[in-house]
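Undergrad: What follows is a structure written as structure tokens; I'll ask about it next.
Coordinate-derived values only; no laboratory data. Because the structure is predicted, anything quoted here is derived from the model rather than measured. Glycine also receives a Cβ, built like all others from the backbone with ideal geometry; neighbour counts cover every protein chain displayed.
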Amino acid sequence: MIELGIIEDEKMFRDGLEQFFREQKEFGAVHAAPSVETFLEKLDVGLEVDVILLDIGLPGMSGLEGIRLLKGKLPDVDIIMLTSYDDSDRIFKALCAGADSYLVKRSSIQEIREAILTVNRGGAYMSPSIARKVIDHFSPKRESGEEQVLTGRQEQIVQGLVDGLSYKMIADKYLVSVETVRDHIKKIYRKLHVNSKAEVIRKRMDGEI
């Protein structure tokens, strides 16, 4: 019998989950709480659970912050993120913090049930859209070597960034418009697979470009 924990602040959603899983033969007790803090108080008085469904956007401590604390109290617990967020940043923060699976709330109740049973057996389960993002993140980049090489002008712009020049100063230095500089910056980001000037500068300082 699986002892299930649910940490979810939306009462209607939480109550629906609690009622459903109380009626499933594979599950024992279901312990629900509206926040990580409240659930931790339950653990302090001896509560034991096998799997926790954990939201991210919670009052007080976020689910992302709570993962390590929950794992600290229950090292063997399986944590399944069940959240509305599906952006890559939160997905990887959750997985790096120790979450075992990641589901979006639009998943059906049967998908949530299957996820719990799967992780309890030692597997992993993710919503298809989440799994695709994880796969895309780790897939080898397919750009050709030529596409990854910066042009002479792009090299100059990168050096301008390293020198601390603003877009306008770079434009004035090379007699081009600010919009041209911005266009080159976007292409540089795509070629280097980065999202900020700081990452471009770091790659240059580390000798990667």
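Undergrad: Between Lys73 and Lys42, what is the label-to-label distance in nm when each label sits 7 Å out along the Cα-to-Cβ direction?
TA: 0.9
Undergrad: Next up: Can you tell me which lysines have their Cα less than 20 Å from the Cα of Lys187? Leave out same-chain residues fewer than eight positions away.
TA: Those lysines meeting the cut-off are Lys141, Lys168, Lys173, Lys197, Lys203.
Undergrad: For the chain, return all DSSP H helices satisfying: extent of Cα atoms along own axis at least 20 Å; mean Kyte-Doolittle hydropathy at least -1.0. Can you show the working numbers first?
TA: Numbers: long enough: 178-192 (21 Å, -0.78).
Helices meeting the criterion: 178-192.
Undergrad: Now for a separate question. Using the Cα centre of region 33-74 as the reference point, and only Cβ charges (+1 on K/R, -1 on D/E), how large is the resulting charge dipole? Debye, rounded to the nearest 20. Walk me through the intermediate numbers first.
TA: Values: 4 positive and 7 negative charges, 25 e Å.
The calculated dipole for region 33-74 is roughly 120 debye.
Undergrad: How large is log10 I(q)/I(0) at q = 0.23 Å⁻¹ when the Debye formula is applied to the Cα atoms of region 145-205, each weighted equally and without solvent?
TA: -0.92
Undergrad: Follow-up question, since we're still on this one. Just rank His193, His184, His31, fewest to most, by other beta-carbon atoms within 10 angstrom.
TA: Values: His193 11, His184 21, His31 17.
By the 10 Å Cβ count, ascending, the order reads His193, His31, His184.
Undergrad: Related question: FRET efficiency for Ser84 and Ser177, Cβ-Cβ distance as r, R0 = 45 Å, nearest 0.05?
TA: Working: r = 41 Å, r/R0 = 0.91.
Efficiency, from the Cβ-Cβ distance: 0.65.
Undergrad: Quick one, which of (i) 58, 33, 28; (ii) 48, 44, 34; (iii) 71, 33, 30 is the actual Cα extents along the principal axes in Å calculated for this model?
TA: (iii)
Undergrad: Can I ask one more? Pull out the extension gain between Ala198 and Ser129, defined as 0.36 nm times the separation in residues minus the alpha carbon to alpha carbon distance; nm, one decimal. Could the numbers behind the result be given before it?
TA: Values: separation 69, 0.36 × 69 = 24.84 nm, distance 2.95 nm.
Full-extension gain reported as 21.9 nm.
Undergrad: For a quick check of your reading of the filter: which trypsin sites (Lys or Arg not before Pro) in region 1-96 sit in a DSSP loop and have no more than 14 other Cβ atoms within 10 Å?
TA: Numbers: sites: Lys11, Arg14, Arg22, Lys25, Lys42, Arg68, Lys71, Lys73, Arg90, Lys93; in loops: Lys25.
Hits after loop and neighbour filter: Lys25.
Undergrad: Where a Cα-Cα gap under 25 Å defines reach, which lysines qualify for Lys42, not counting those fewer than 8 residues away within the same chain?
TA: Reachable lysines: Lys11, Lys25, Lys71, Lys73, Lys105.
Undergrad: Mind checking the dipole of the chain: about its Cα centre, +1 per Lys or Arg Cβ, -1 per Asp or Glu Cβ, Debye to the nearest 20? Write down the numbers at each step before the final one.
TA: Working: 30 positive and 35 negative charges, 202 e Å.
Once rounded to the nearest 20, the dipole reads 960 debye.
Undergrad: Before rounding to the nearest 500, sum -39500 (n - 2.57) across all DSSP H runs of length at least 4 in the chain and divide by the residue total; then give [θ] at 222 nm in deg cm²/dmol. Before the final figure, lay out the partial values.
TA: Values: 11 runs with 112 residues, N = 209.
One gets -16000 deg cm²/dmol as the mean residue ellipticity at 222 nm.
Undergrad: Now for a separate question. Taking every alpha carbon pair in region 66-189, what does the distance histogram look like in 10 angstrom bins from 0, in percent?
TA: Going from the shortest bin to the longest, the percentages are 11, 28, 18, 17, 18, 8, 0.
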